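The values are calculated or read from the model by the stated rules, or taken from the named source; none is laboratory data. Keep in mind the model is a prediction, meaning the values are calculated, not measured. Heads up, the Cβs are rebuilt from the backbone with ideal geometry, glycines too, and the neighbour counts pull from every protein chain shown.
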Amino acid sequence: MTRLKFIMYGMALAMSFTSCVRENLDQCPPLRINIEVKDKNYFNVDQTAPEEKRDENQAFRLFVPSLSYRLSRLNDDGTQQVIVEEKGFGVEGDGLTYPVSFDPDMPFGKYVFTVWGGMRKRGELNLDKNELLLHPEHSQGDDVYQVCDTLVYDENHYSYTSEMERTKGKLVIWTENLPAGYHLMNTEVSQLYGVVNPSFQYSEETSVFHESEIEAGAKTKTSIFLAPSFQKDESVVDVNFYKNSGEGAGSSSSVLTPDDVKVSMERNKITLLRYVYDSDRNRFTIYMKVNDNWEEIHGMILD
C-alpha cells in the first residue's frame, strides 16, 4: 500500500467512527432551534416610560403571540431553496422560549432560518418578496419582531438559538387639560420607513394615520407603533383634536391644532411627547422627554 493510499484509508476509517450514522437517530440529532425574544423591553424604557417596563420572565407568547418561520437551504451559488415554511400560527403554552426541530433526515449543509412574530394580519408579511410591510394601509400595524440567522447543520452543529428583535419603535403622546367636548385625536406621522427585510434593511417611505379617543380635561395616554424615521429628525408629527358630533363639530372652533413636531423614530425606542393645553392663551405647550427631562419644543425645535 502506498503512503498516500494509507493516509486516505486512515482518514476514511476515522470518519466512519466519528461521523453521524443517519440510521441511528441517537447519533444523528435533528436540527433544533430555540427561538427567544431579545427585545422584551424598549432600550430607553427606564428613562422615558418606566411604568411600561415589563417583567422579562414572562411567557414567550406574551411578547410574541404569533409566529411565521421559514427554513431555506443555502446553495453554493447563493440562492435559497425553501425546505420548511409555517405561516401565521398562534403560540401556546407558558414557555419562556419557543423550540423548533426539523426532520432528522434533512441533509447536512448551510441553512437560513427566518422568523417573523407578533403579526395579526397576514398582509403584513410578503413571503414572495421576503419582506415585511410595516404600516399596511397607513395604519400603525402590529408590534412585529423578526430574526434571520445563517447556520451550519452537521454531526457537530445541530443546536442553535435565534433571538427575535423588534422592528419598530413607539410614539407615546400624553394630552393634558383639553377643553370640554374634545374627545377625538387624529395623529399623522410622515417620513417613516415602510418596508423591512429579514436583515433589518429598511426601505421605501410611508406615513401613518391614527385616530384615538381621549378624555377631555384628564391626562390621557396614546401609544402608536412606528417604523424608524426615513431621515433622522425629519418625521413630522401632526396632531389635531376634534369634538364629537353634536358638540359643535364642524365649526372652526371644533378643532384644536397644535404646532407640528419633528421627531426621530428609532427601532425599539420610545419617543415621548406631551401636549398641555393652556386655556388662558388658547394654545398648546408641547414637550419632548429627553433622558429624564421634559424639554419644551418651539417651532418643531427643542429648547
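To keep it simple, each residue is scored yes or no on (1) under 24 Å from Arg267 (Cβ atoms); (2) part of a helix (DSSP H, G or I).
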| residue | (1), (2) |
| --- | --- |
| Lys40 | yes, no |
| Phe43 | yes, no |
| Leu62 | yes, yes |
| Arg73 | no, no |
| Gly78 | no, no |
| Asp105 | no, no |
| Lys129 | yes, no |
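Taking segment 28-83 only, how many residues are basic (Lys, Arg), touching a residue at least 40 places away in the same chain (Cβ under 8 Å) and under 23 Å from Glu124 (Cβ atoms)? Talk me through it step by step, then tell me what you get.
Kept after step one, since they are basic (Lys, Arg), are these residues of segment 28-83: 32, 38, 40, 53-54, 61, 70, 73.
Now narrow it down to the ones that are touching a residue at least 40 places away in the same chain (Cβ under 8 Å): 32, 38, 70.
In the following step, the residues that additionally are under 23 Å from Glu124 (Cβ atoms) were identified as 38, 70.
Number satisfying all stated conditions: 2.
State all residues of segment 125-139 that are under 18 Å from Glu165 (Cα atoms) and not acidic (Asp, Glu); if no residue qualifies, say none. Working first, answer last.
Step one: of segment 125-139, the residues under 18 Å from Glu165 (Cα atoms) are 125, 130-135.
Residues satisfying the conditions are Leu125, Asn130, Leu132, Leu133, Leu134, His135.
Is it the case, given these coordinates, that Glu124 is crowded, with 18+ Cβ neighbours inside 10 Å and acidic (Asp, Glu)? Taking the combined requirement at face value, the residue satisfies it. With respect to (1) in a strand (DSSP E or B); (2) in contact (Cβ under 8 Å) with a residue 40 or more places away in the chain; (3) farther than 27 Å from Val45 by Cβ; (4) of a type outside the set (Ser, Thr, Tyr), the lone exception for Val195 is condition (3).
Quick check on segment 137-147. Is at least one of its residues free of Cβ contacts under 8 Å to residues at least 24 places away in the same chain, in the same structural domain as Phe63 (by TED's automatic domain parsing) and farther than 24 Å from Ile297 by Cα?
Yes, that holds for at least one residue.
The residues of segment 199-240 that are among the aliphatic types (A, V, I, L, M) and touching a strand residue (DSSP E or B) at 6+ places or on another chain (Cβ under 7 Å), listed by number, are Val208, Ile214, Ala216, Ile224, Leu226, Ala227, Val236, Val237, Val239.
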